[in-house]
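What follows is a set of notes on a single structure, which appears directly below.
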Amino acid sequence: MRKLIVLAAAAAALLVAACNTVAGVGKDVQAAGRAVSTTAEDAKH
């Protein structure tokens with residue numbers, strides 16, 4: 001029973017870490033998209 005509790009706690013910790021990682025990647029992709037858009041607008045003018 002104790003192994004099951006430890007395994008569940010480890011799985012929960014990994015899920016929380018994965019959510020933070022995905023959120024961070026999303027922010028990085030947004031920043032990259034903004035940079036590309038800004039560069040494209042600057043190139044137009």
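Quick rundown of the values:
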| item | result |
| --- | --- |
| Cα pair distances of the chain binned at 5 Å [whole percent] | 5, 20, 12, 11, 12, 8, 9, 7, 5, 5, 3, 2, 1, 0 |
| Separation of the L14 and T38 label points, Cα + 7 Å toward Cβ, nm | 3.8 nm |
| Estimated 222 nm signal from helices in the chain, with DSSP H stretches of n ≥ 4 weighted -39500 (n - 2.57), rounded to 500 | -35500 deg cm²/dmol |
| Integer Hz, Karplus 6.51/-1.76/1.60 couplings in order for the stretch 31-39, x for Gly and Pro | 5, 5, x, 4, 5, 5, 4, 5, 5 |
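Here, each number is a calculation from the coordinates, and none is a lab measurement. Source: prediction; values computed, not measured. No Cβ is skipped: glycine too gets one built from the backbone with ideal geometry, and neighbour counts run over all protein chains shown.
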